[in-house]
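S.K.: Quick one: this structure, given as structure tokens, is what I'll be asking you about.
None of the figures in this text is laboratory data; all of them are computed from the coordinates on show. What you are looking at is a predicted structure, and each value in this text was computed from that prediction instead of being measured. Counting neighbours? That spans all protein chains shown, and the Cβs are built from the backbone with ideal geometry, glycine included.
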Amino acid sequence: MKLCTIALDFDGTIARNDELDGSVRDAIAEIRGLGITVIIVTGRILEDLRRVAGELHFADAVVAENGAVISFPASGYTRAASPPADPVLQEELRRDNIPFHMGRTVIETQADLAPRLLSILRRLELPLTLAFNRGRVMVLPQATSKASGLRQALTILRLSPHNTIAIGDAENDHALIEACELGVAVGWGSDRLKSRADFVLKGDGPAAVADYIRSAARSGQIPPPLKARRRLLLGHADNGSPVELTVRGRNVLVAGDPKTGKSWVAGLLCEQLILYGYCLCIIDPEGDYTSLEALPGVTVFGGAEPLPRPRDLLRALRHADISVVIDLSHASQREKLDYLHAALPALSILRRRTGLPHRILVDEAHYFLHNPAITDLLDFQSGGYTFVTYRASQLRSDLLASTQAVIVTRESNPDEIDSLRGLCRSCQDTRSDAQWRQILEGLVLGEAVALPLTEEAEGQVRRITLSPRLTPHVRHLAKYIDLPVQEGRAFLFWRDGIATGPRVRTLREFVATVEHWPAAALDGHLRRGDFSHWVAEVFGDYPLARSVRRIEEAYRAQSLSNPGASLAQAVRARYEFIDPEPAG
């Protein structure tokens with residue numbers, strides 16, 4: 001995973017006794033010069049941070065007040081990410097003689113006053129929480145944390161927490177390190193934080209942080225965590241225990257006979273990655289992944305509509321919370337090859353620059369990735385590829401050598417079984433060739449195995465009963481029949497120079513208008529092709545426009561007696577008609 005951002009706690013992590021460590025300041029300048037974004041994430045009030053650290057131009061962004069305030073020093077733009085403190089609470093604290101510091105949102109005081117604070121919050125029935133930071137306690141709006149503030153800052157900067165390393169030292173850093181791809185706790189910090197972190201940084205002070213961020217920035221990659229927090233559930237072993245893959249930037253191979261559930265397995269992994277907030281690009285030759293559009297942030301391009309140009313694809317994937325499925329099912333094999341030869345190198349360039357997309361999936365990989373030219377298509381150094389195929393033996397040897405996890409559905413081809421076993425020669429599996437064939441040929445629909453090459457298989461051929469998928473059961477309304485067009489682009493029905501119907505601005509209104517009209521009322525529009533032109537030019541729905549054009553052609557050939565009903569049926573076949581909710 002490419003490293004794009006480092007998020008640093010201030011007090012106790014890079015500063016001591018109100019003073020930013022000089023070696024850390026120098027290291028921050030160095031890594032920013034390498035293109036790494038640096039964000040300071042602190043519980044301090046912003047003005048207080050400026051008092052001890054200056055104008056903060058050494059960082060790209062500052063998240064202050066434990067996530068409640070976001071500031072961008074270069075532009076001077078500052079915003080409150082949470083609502084301000086309730087004046088009633090401030091007055092109550094003064095009345096109870098509780099000393100406090102007031103920020104734009106946060107109220108801060110001594111930690112030993114927490115019981116009195118909690119009593120006041122309960123009495124006032126305020127939706128606020130307490131967050132501790134060493135000897136201090138903060139009163140904050142619910143759901144406000146260093147993680148929430150960092151996510152907002154990253155969104156503004158078009159960056160992803162999955163390309164971010166976070167480093168902290170105290171109890172208010174738990175959410176911070178859990179939000180990022182790699183959460184680091186300093187060795188001189190909270191024991192509880194260290195127990196939850198992906199990595200514990202050895203040392204006794206901020207100078208160790210300086211060395212660490214320099215090393216990370218020079219590598220350009222986020223190292224795999226020692227403890228994996230994000231896991232993808234594949235299914236369950238014979239003994240009922242869960243079988244999971246840890247989320248890493250590994251190359252994954254999904255293989256097996258046709259029609260045995262390979263795309264199901266790949267889609268199962270994709271669903272969970274998307275829900276974790278990873279950015280995916282899925283090359284879908286057969287339209288097997290379009291149901292993923294039911295998930296948040298997923299867009300399907302192609303299908304019956306024109307394929308996106310590579311630059312349009314890159315523009316969509318520049319947003320860290322967007323995933324894209326490219327449906328090539330309506331393209332010829334030559335068109336599919338040409339598209340991949342244009343799109344894959346462009347995606348490699350985008351990943352090297354931005355870290356996005358986090359994972360690229362290529363289904364039917366044997367059709368596209370079998371010749372020497374694949375070295376120009378794939379960036380093996382970046383990793384994060386998923387290859388799906390029923391002919392793994394036809395993939396390039398260097399591609400197979402880059403694979404670090406292999407999931408196989410039923411496989412009956414002896415040559416393919418031999419090829420898959422060849423990937424695991426260095427593993428400790430002691431099964432014979434006959435035993436491998438018996439296992440792989442004996443799998444039924446809904447089952448798979450993780451091969452010994454896969455770390456989680458623990459050196460064995462591990463049989464799995466696959467988990468159910470989410471998206472096939474989610475009702476998805478991707479197309480909106482009630483979306484109105486501008487008034488000037490509405491359809492107006494005419495006959496003999498006289499308006500004969502309402503101005504139609506939605507497809508629902510169009511269906512309601514034409515469904516029961518006689519052919520004579522629609523005659524002129526049908527003969528001129530007005531309906532198909534309107535659908536294509538105004539809605540951009542070219543598949544529907546083609547269906548409508550065929551109806552117009554059939555009417556002109558005098559082979560259609562009820563064109564209104566046919567037009568309505570064409571729209572209904574294309575869109576899901578859900579009755580609108582009643583007003584009020």
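S.K.: Calculate, for PHE132 and GLU441, the FRET efficiency according to 1/(1 + (r/R0)^6) with r their C-beta to C-beta distance and R0 45 Å; round to the nearest 0.05.
M.R.: 0.15
S.K.: What FRET efficiency comes out for the pair ALA499/GLN569, r = Cβ-Cβ distance, R0 = 45 Å, nearest 0.05?
M.R.: The calculated FRET efficiency here is 0.95.
S.K.: Next question, about the same structure. Within a Cβ distance under 12 Å of ILE36, other residues only, what is the Lys/Arg minus Asp/Glu net charge?
M.R.: It works out to a net charge of +2.
S.K.: Please tell me the relative contact order of the chain in percent, rounded to the nearest whole number, where contacts are Cα pairs under 8 Å and at least six residues apart.
M.R.: Rounded, it is 11 percent for the chain.
S.K.: Once you have a ≥ b ≥ c as the square roots of the Cα gyration tensor eigenvalues for the stretch 83-143, tell me rounded if a/c is under 1.5, and otherwise prolate or oblate according to whether a/b is larger than b/c.
M.R.: rounded
S.K.: Straight-line reach only, C-alpha to C-alpha below 16 angstrom: list the aspartates and glutamates that LYS259 could link to, leaving out same-chain residues fewer than 8 apart.
M.R.: Cross-link targets: ASP284, GLU286, ASP288, ASP363, GLU364, GLU411, GLU416, GLU441, GLU447.
S.K.: So I have [x] 52; [y] 42; [z] 36, and one of them is percent of Cα pairs over 36 Å apart calculated from this model. Which one is it?
M.R.: [x]
S.K.: Considering amide H positions built from the backbone, and no H for Pro or chain starts, which residues 5 or more places from VAL324, or on another chain, come under 5 Å of its amide H?
M.R.: Under 5 Å from the amide H of VAL324: LEU280, CYS281, ILE282, THR299.
S.K.: Now for a separate question. Given points 7 Å out from each Cα along the Cα-Cβ axis, report the HIS319 to ASP26 separation in nanometres with one decimal.
M.R.: For the pair HIS319/ASP26, the computed spacing is 4.3 nm.
S.K.: Whole-Hz Karplus ³J(HN,Hα) for the stretch 524-537, in order, using 6.51 cos²θ - 1.76 cosθ + 1.60 and θ = phi - 60°, x for Gly and Pro?
M.R.: These are the phi-based 3J(HN,Hα) values: x, 5, 5, 5, 7, x, 4, 5, 5, 5, 5, 5, 6, 7 Hz.
S.K.: With each pseudo-label sitting 7 Å past Cα toward Cβ, what's the ALA554-GLN381 distance in nm, one decimal?
M.R.: In this crude spin-label approximation the distance works out to 5.8 nm.
S.K.: What spacing in nm lies between the two simple spin-label points modelled at ARG353 and HIS370, each 7 Å away from Cα in the Cβ direction?
M.R.: It works out to 3.4 nm between the two label points.
S.K.: R0 = 22 Å: FRET efficiency of GLU91 with ALA143, Cβ-based, nearest 0.05?
M.R.: E between GLU91 and ALA143, to the nearest 0.05, is 0.35.
S.K.: Could you order the peptides 167-173, 323-329, 397-403 from most to least packed, using the average number of other C-beta atoms within 10 Å per residue?
M.R.: Highest mean packing first, the order is 167-173, 323-329, 397-403.
S.K.: What full-extension length gain, to one decimal in nm, is calculated for GLN333 and ALA434 as 0.36 nm per residue of separation minus the Cα-Cα distance?
M.R.: Once the chain is fully extended between GLN333 and ALA434, it gains 32.7 nm.
S.K.: Pick out, in residue order, every one of the GluC sites (Glu not before Pro) in the stretch 1-86 that is DSSP loop and has at most 13 other C-beta atoms within 10 Å; say none if there are none.
M.R.: GLU55
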